[in-house]
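The values are calculated or read from the model by the stated rules, or taken from the named source; none is laboratory data. Note that this is a predicted model, so its numbers are computed, not measured. Positions of Cβ are backbone-derived with ideal geometry, glycine not excepted, and every protein chain shown enters the neighbour counts. These accessible areas exclude ligands, DNA and RNA; they are computed on the full protein's heavy atoms, side chains included. Shrake-Rupley method; radii C 1.70, N 1.55, O 1.52, S 1.80 Å.
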Amino acid sequence: MPWSMLEYLRKKPEIIKESLRKRGLDVSVVDEAIRLDAEWRRQYTKVNQLRHKHNILSKSIAKLKGKEKEKAIKEAKELLKTISEEEKRLRELEEAREKILLSLPNIVHETVPEGLTEEENVPIRFWGKPKVYVGFIEKFKEQTRGFDVEYEVIHWKPKGHADMLTFLGLGTTEKAGEVAGSRFYYLFDDLVWLDIALLMYAIDYLTRKGFTLILPPYMLREKYYLGVTTLEDFRDSIYKIEGEDLYLIATSEHPIAALHANEIITEEDLPLLYAGISPCFRKEAGAHGKDTKGIFRVHQFHKVEQFVFSKPEESWEWHEKLIRNAEELWQGLGIPYRIVNIVAGDLGAVAAKKYDLEAWMPAQGRYREMVSCSNCTDWQSYRLRIRFLKRKGMVRDYVHTLNSTAIASTRAITAILENYQEEDGTVIIPKVLRPYLEMFPKAPKEYIVPRKTRQK
RNA sequence: GCCGGGGUGCCCGAGCGGACUAAGGGGCUGGCCUUGAGAGCCAGUGGCGGUUCGACCGCCGCGCGGGUUCGAAUCCCGCCCCCGGCGCCA
């Protein structure tokens, strides 16, 4: 009924400890929180008794006259002094307890595998028939161990997506680096069309599935930002607007989560399904040296996001549905992928469980993250005060929030540039995207070819 | 950005310094009644804590944060948001 973290602390602290242990974190804070909570309760009772005394006295003053009144007022004033001292102590205890509880990462779900690093993430299924360059066969087999994944051997080495930008003449990161810095890009013509078509494809799919299309604010106040993510993530990835209490969003997940902040949703309105579309801005601090070339890891891209507010008892079902939606989208694109169950140590504080969809990248010989699908249970909703009203018993409870990428434009483009690349460097356009290009005379239709060989 | 009006519970809406405890209505939940549905009647319907766990007791709560007062939904200050008017603007 209340916040799960406080409830666990009081009733089943071992669950919190087990969760922290799985994440490879210090467990001792839990005992400290238990101690603080017990003391807070004692202090709370004490303060309440004092306040009660004062209320009685204060009410009696209205009926008193003359000297008796003076005396009672004096007494009340003295009592107030004591109360404010005890209240101060109460506040300190509560703040200390809250500080610990708010710093705790989400309780990991029982189905989350143990492990601390990315390498230990557990593949759970594979889809598609990857094109594997002969030189990568060993690597491929390693990554598909335990699964019987059909693949096609190719004897030419595909160009990496970064080289493809130059080869096609449809993108430059050098000039963008000069004018905006590293991890920015200029894309031209066909790749821009592709970016737009990918977004259209995703919103078309999701709105047909009953998701409400939403274009959110691209900036949020700090208060709301701290409700959706941790301080560390916030510092590492969020851009601040100079001189204002505003931050550029890292994903539409964040403003969508904040959409129902401080609200009470009626039970019948759940689940609420949203398909967000927005640019995403990320500092990528702490990713130095990783994916420095091309547009795989960039400061800015477009993304269509799935977001669900659900009843607690339905959130695990929705988690599976969201990853299935992402899979259907990527199957539609015809890009081979695998789904991995992220280990506890690599989860991120907000999620209780996370699946990644990783696309096969023929030029790199490995699977790379394209989609991230998380159940955040009540971690965000507690901080943002998003509750719903249960008809039975008229009780309020925190909703669960879930989010999953549908398509992130630049990453999807890298996957297409590598998976749909022909030996001569031509890129075939996935069939599902063509309807979204047809209406534009200047958009590419079936192939993307190098700029210089194209008819103007 | 300026001027004016406003923000009250799940929703609507009264209250505008202490007494009757946020009136009243709607909705919802439970009970009674009924062959059933409905109507009607009764009760419940913010958070936290204590508890002999009883339908019990207490504290806090009227956009958010401060202040005045023995006592604040009510008065004062700051902030956020909404509505109307003016200004500015793609």
Would you mind telling me which numbered condition in (1) part of a helix (DSSP H, G or I); (2) more than 8 Å from RNA strand B (Cβ to nearest atom) residue A:64 fails? (1)
Subset of segment A:31-56 [within 9 Å of RNA strand B (Cβ to nearest atom), under 22 Å from residue A:96 (Cα atoms), of a type in the set (A, V, I, L, M) and in contact with a Leu (Cβ under 8 Å, 6 or more places away or on another chain)]: A:47
Sort out which residues of segment A:268-299 are within 21 Å of the chain's Cα centre (by Cα), in contact (Cβ under 8 Å) with a residue 12 or more places away in the chain and assigned to a loop (DSSP other than H, G, I, E, B), and write them in order of number. A:270, A:271, A:282, A:283, A:284, A:285, A:286, A:295, A:296, A:297, A:298, A:299
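Please tell me if residue A:122 is surrounded by 16 or more Cβ atoms within 10 Å (Cβ to Cβ) and under 32 Å from the mean Cα position of the chain (by Cα).
Numbers: surrounded by 16 or more Cβ atoms within 10 Å (Cβ to Cβ): no; under 32 Å from the mean Cα position of the chain (by Cα): yes.
Against the criterion (surrounded by 16 or more Cβ atoms within 10 Å (Cβ to Cβ) and under 32 Å from the mean Cα position of the chain (by Cα)), residue A:122 does not qualify.
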Of all residues being part of a helix (DSSP H, G or I) and free of Cβ contacts under 8 Å to residues at least 12 places away in the same chain in segment A:1-30, which is farthest from RNA strand B (Cβ to nearest atom)? Just the residue, please. A:21
Tell me whether segment A:394-410 contains one or more residues that are within 16 Å of RNA strand B (Cβ to nearest atom), in a helix (DSSP H, G or I) and either assigned by TED's automatic domain parsing to the domain that holds residue A:212 or surrounded by 19 or more Cβ atoms within 10 Å (Cβ to Cβ) (or both). yes
Enumerate the pairs (first residue in segment A:240-267 and more than 13 Å from residue A:223 (Cα to Cα) and open to solvent by less than 70 Å² (accessible area, probe 1.4 Å); second residue anywhere and part of a loop (DSSP other than H, G, I, E, B) and within 11 Å of RNA strand B (Cβ to nearest atom)) with beta-carbon separation below 7 Å, excluding pairs fewer than 6 apart on the same chain, so at least 6 apart or on different chains. A:267/A:391
Of those in segment A:89-108 that are under 29 Å from the mean Cα position of the chain (by Cα) and open to solvent by 40 Å² or more (accessible area, probe 1.4 Å), the residue farthest from residue A:365 (Cα to Cα) is A:94
Inspect segment A:176-196 for any residue being in contact with a strand residue (DSSP E or B) (Cβ under 9 Å, 6 or more places away or on another chain), within 25 Å of residue A:105 (Cα to Cα) and either modelled with pLDDT of 90 or more or assigned to a strand (DSSP E or B) (or both) and give the result as yes or no. no
One residue from A:93, A:102, A:80 being part of a helix (DSSP H, G or I) and closer than 30 Å to residue A:320 by Cβ: A:102
Taking the options A:220, A:226, A:206, name whichever one is touching a strand residue (DSSP E or B) at 6+ places or on another chain (Cβ under 8 Å), assigned by TED's automatic domain parsing to the domain that holds residue A:338 and touching a residue at least 60 places away in the same chain (Cβ under 8 Å). A:206
